[in-house]
Structure formats: structure tokens, C-alpha cells
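The structure appears below as C-alpha cells.
The values are calculated or read from the model by the stated rules, or taken from the named source; none is laboratory data. Here the structure is a predicted model, which is why all the values come from computation and not from measurement. Please note: Cβ atoms are built from the backbone with ideal geometry, for glycine as well, and neighbour counts cover all protein chains shown.
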Amino acid sequence: MEGDYIIVVINNNNFALSFEKIKEVVSLCDHKIHPVPLAKQELIGLVNLHGGIVVVMDLQKILNLGKVKVATESKLLVIEYEREDIALVVDDVSGVTNLSQVGISDDLEGLNSSLKRIAKGVALLDNNLVIVLDSNEFMKTLFDLA
């Protein structure tokens, strides 16, 4: 569970994802998301990033936290997995931290079933609860949906 994690905010909840999986973070205000007709609920659309087409997923929906409200302040968290890029809409990125300095509990009581499936544990960081996502399970879930 050690290493650097990026902390993202989704619907007033904090999540930590292994930094090694993150390719870049871009501001949504600079990009237009193009909807895809008849797509899965989790797929918001497609976006052109650096001349390439990238699938944009609703992380809030994937985590069973409702449907994302895409705003110009939102960020796209671009993740690379097996040579494919996927962008996730997040409300904000609050920073990068090394969780080896913080105690991580594996007690997942109170989390919904979607979160329990992909969570590694929870941590208290600056008096805020952070759900630490299991990178492998998260990536498998994400790319199964894409």
C-alpha cells in the first residue's frame, strides 16, 4: 500500500489512486466532451486530447455515488492501462501524497458494494477520510466498462 498517491475529490469524497497509473491531469474547460449515442451509463463521451481520441468515463457513476455533474471546473484524470488511455471526470485534484506515512485501515464497513470491490482501505489524511483504491481492481473494473 506504500507509494505516492494522487488524491481526487468526487462528490465531496476523497479518493487515493496510485500515482503510477496517472498519465496526466487536464482542465475540462479546455476540452469539449462529445456524447456517444446509446453508450453505457458510465461512458460520458469522447474527447480529443493531444490529437488522440480518449474515452471519458463517469467515475462517480462507477463508484455508485450518483451521476457526475460535469462543470468547467472539473478535471480529467487521464489513466493509461495496457497502452490505452481513459479519462475520468473528477471534481478536483487535491494533491499527491505518500501514504506510507499514514496508517491505512482495511476496515471497509460502511462503504457501498461498488467501493468495497475496488477499495484497498481507508486513511485519515489532514483530518479527512480518504478511500484508497486498489489500482489493479480499479483498472480492471474501469476497462471492463470502457
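Of note:
- When the stretch 118-133 is filtered for residues that are under 19 Å from the mean Cα position of the chain (by Cα) and either part of a helix (DSSP H, G or I) or over 13 Å from Leu63 (Cα atoms) (or both), the ones remaining, listed by number, are Ile118, Lys120, Gly121, Val122, Ala123, Leu124, Leu125, Asn128, Leu129, Val130.
- Which listed residue, of Leu76, Leu115, is in contact (Cβ under 8 Å) with a residue 12 or more places away in the chain and either part of a helix (DSSP H, G or I) or closer than 17 Å to Ser18 by Cβ (or both): Leu115
- Yes/no for Asp85 being in contact (Cβ under 8 Å) with a residue 12 or more places away in the chain, within 14 Å of Ala16 (Cα to Cα) and among the acidic types (Asp, Glu): no
- Residue list for the stretch 15-66, restricted to those being in contact with an Asp or Glu (Cβ under 9 Å, 6 or more places away or on another chain), surrounded by 12 or more Cβ atoms within 10 Å (Cβ to Cβ), over 22 Å from Ser135 (Cα atoms) and without any contact (Cβ under 8 Å) to a residue 60 or more places away in the chain: Leu49
- On the stretch given as the stretch 105-142, residues that are in contact with a Leu (Cβ under 9 Å, 6 or more places away or on another chain) and over 22 Å from Lys75 (Cα atoms) total 9.
- Taking the conditions (1) within 16 Å of Val132 (Cα to Cα); (2) of a type in the set (Val, Ile, Thr); (3) exposed (fewer than 13 other Cβ atoms within 10 Å of the Cβ) in turn, Ile10 satisfies each one other than (3).
- Considering the conditions (1) more than 20 Å from Tyr5 (Cα to Cα); (2) surrounded by 11 or more Cβ atoms within 10 Å (Cβ to Cβ); (3) in contact with a strand residue (DSSP E or B) (Cβ under 9 Å, 6 or more places away or on another chain); (4) of a type in the set (S, T, N, Q), Thr72 is excluded by exactly one of them, (2).
- Only one of Asp91, Asp134 that is of a type in the set (Asp, Glu) and either crowded, with 20+ Cβ neighbours inside 10 Å or at pLDDT 90 or above (or both): Asp91
- Per-region count, the stretch 79-88, residues buried (at least 19 other Cβ atoms within 10 Å of the Cβ) and over 17 Å from Val9 (Cα atoms): 1
- Matching option when the condition is under 19 Å from Val9 (Cβ atoms) and among the basic types (Lys, Arg), among Lys140, Lys120, Lys116: Lys120
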